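Step one of this worksheet: look at the structure below.
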Amino acid sequence: MNKSHVDALTGLPTYGVLRSHLETLLNTVSPSEMVGILFIEFEDISHFNDAFGYNADKSILLDLVEHIRTLFSDALFARIGTYSFVVVKETSTTEELISLSQNIINLLREPLSFQKNLLYVSAAIGIAHTENREEVSPLLLVKQAEYAMREAKQQGINRIVVSRHKELLSTQDELRLLKDLPYAIEREEIYFVYQGQFNYGTSTFVGAEILARWEHPDLGMIPPSVFIPLAEKNGMITPLMTRTLIEAASMFEKLELRGKHTFSLSINLPFQVLMEESFVDTLGFLSDAYNLAGRHLTFEIMEDTIPDHLESFSSRLTEIKSLGFKLAVDDYGTGHTSLTYLQYFPVDYIKIDRSFITGIQKEHKRFMLFKSIVDMADALELEVIAEGVETEEENEILLYYFDHLTVQGFLYSRPSKAENFLSLLSS
Amino acid sequence: MSEKRVLIVDDVDFNIEFESKLIKNLMVGFKTTIHIDTAGSVEEALDIIAKNDPYDAMIIDMNLPDGTGVEIAKVAREKDESVRLAALTIYPNEYEKERPYFDLFMKKPIMVESFKQNFVRLLQI
């Protein structure tokens, strides 16, 4: 290992190693597993130098590390600050992460023997993990664990806190991202990837969803679940939407050159953008100027953003349809308890939320719910896309019972850049 | 039918194409035809200004690879005092000192509706 990759005092990997290890792990972790982070911060032990002499703190820290590293035989253990350490572990449950943290605390409750004295050193531990997350950047995951650690510290000594998702960004980071968003759009730090939609009936990819990605120069990959709400906050969602539509236009041309004339592309349409007075005019302009008219373009609107009284918006939806575009309900089954909106929403597709598909082979009720949604869609002559198909087992049961279905998920296509996606189509 | 001559200066091809399409689309409703020239750098812009008849308006990106939009504005104004100049920038607040050189500031990333409104103001049509 390169010297800069190893911490001089403890011999543990440094932040750089941690980051690249996490990056690899986040891309390869199996769907049934998750990546867990423990952010451990020991109390400031420099005061021991007064009692035991210069550098006593370093010796004590080394002893501590030797003590607890035995707990992480199958995990990465890195030092990222004077008293800050991070453990990265692949696991299937949050409980395992909590119990591992508890073992650390238990060890710390035993005194350390140093120069014939018994010493106690406390710590705070924050836990973050990737369960129920579509994507997350290494940096944000570590930060999230760090925020949880700070909360643990406030609660007292030797405490453990599991992070809640809302703490993903500090106010300072959020302000920075809000400021950086216009530049990111303008200078293409925000770029687009494609996730294929595979049809069982024809055994081919029939469409793709275009997704935005932000690679921030300092903060790394920022997930859409973070930057889309920020873009909605500062109005950047509109130019971002424009960019997405122009990206779609350019992809349609590439598809056409490859003979894929009926291939469909879908993009997320935030309800806020749909509500803008000028949206239909803008869409009309882009449609003319970038040759989008007559293309198979679908706008996906998230179900939980659709208001109860949709009647007043139905004319706008009809205008979009009259420009030749289709509409889909995204994350179907997560928002409304009432289905009345389907009467007023001139919808062509529904995309059934991943929560109905994950583990469908094991849960009879989940299967029956999924089946009843497909039956309803059939009766209403709506097309269906099942989202989040990630394992062979899920795929097998869907293919067996719903052989006309279109599916989207990691099993068939991980989101990839335009050129890679086009290669996937021709392979 | 009168013709207006416009110069767009931007180092990002996407923006040049987007602005050109927006202007052409906008002018459909007016009794004016538009001639658009484009440049990707300060040097190229200065060369085009020197070689051609005066322009009615220019939309100049402030942050160019070989300098700032102010250099172009000064030369353009020297050649023709009546030229209408718009600066295009992500951060208009950072250019307080440069305001006197321009008739208006436009914000990037470009928003369709506000760009159209600003362009009408710029051309005074």
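The values are calculated or read from the model by the stated rules, or taken from the named source; none is laboratory data. Since the structure is predicted, the reported quantities are computational estimates derived from the model, not experimental observations. In this analysis, Cβ positions are derived from the backbone assuming ideal geometry, glycine residues included, and neighbour counts consider all displayed protein chains. For accessibility, only protein heavy atoms count, side chains too; no ligands or nucleic acids. Shrake-Rupley method; radii C 1.70, N 1.55, O 1.52, S 1.80 Å.
Interface residues of the range A:283-303, defined as those losing at least 40 Å² of solvent-accessible heavy-atom surface relative to the isolated chain (probe radius 1.4 Å), are listed as A:Phe285, A:Tyr290. Scan chain A and report its longest stretch carrying no GluC sites (Glu not before Pro) that are both in a DSSP loop and have at most 11 other Cβ atoms within 10 Å. Formally, the longest exposed-site-free interval is A:1-276. Reducing the range A:42-90 and the range A:330-386 to their Cα centroids gives an inter-centroid distance of 51 Å. Along its first, second and third principal axes, ordered by size, the range A:3-167 spans 50, 37, 25 Å in Cα coordinates. Note on chain B: the alpha carbon radius of gyration divided by the globular reference 2.2 N^0.38 Å gives 0.96.
Between the beta carbons of A:Ser84 and A:Thr340, assuming R0 = 60 Å, the FRET efficiency works out to 0.70 to the nearest 0.05. For peptide B:106-114, the mean count of partner chain Cβ atoms within 10 Å of a residue's Cβ comes to 6.
The mean count of C-beta atoms from other chains within 10 Å of the C-beta of residues in A:119-127, rounded to a whole number, is 0. With all pairs of different C-alpha atoms in the average, the Kirkwood value for the hydrodynamic radius of the range A:172-426 is 19.1 Å. Angle of helix A:15-28 to the longest C-alpha principal axis of chain A, folded into 0 to 90 degrees and rounded to 10: 40°.
Looking at the protein assembly as shown alone, DSSP beta bridges between its own residues are antiparallel in about 45 percent of cases. Among the GluC sites (Glu not before Pro) found in the range B:32-117, those both in a DSSP coil and sparsely packed, with 11 or fewer other Cβ atoms within 10 Å of their Cβ, are B:Glu81.
Buried between A and B is an accessible area of approximately 1700 Å², summed over both sides with a 1.4 Å probe.
Taking the three principal axes of the alpha carbon atoms in chain A, the coordinate ranges are 83, 48, 45 Å, sorted in descending order.
Rounded to the nearest 10 degrees, what's the angle between the helix A:279-289 long axis and the longest principal axis of chain A, both from Cα atoms, 0 to 90? The answer is roughly 70 degrees.
Rolling a 1.4 angstrom probe over the protein assembly as shown with all protein chains present gives an accessible area of which 50% lies on carbon and sulfur atoms.
Over the range A:254-377, the Kirkwood radius and the radius of gyration, each from Cα atoms, give a ratio Rg/Rh of 1.02.
Between B:Lys21 and A:Leu323, the simple label model (points 7 Å from Cα in the Cβ direction) yields a spacing of 1.2 nm. For trypsin sites (Lys or Arg not before Pro), the sites in the range A:324-414 that DSSP calls loop and that have at most 14 other Cβ atoms within 10 Å are A:Lys362. In the range B:3-123, the DSSP beta bridges split such that about 10 percent are antiparallel, to the nearest 5.
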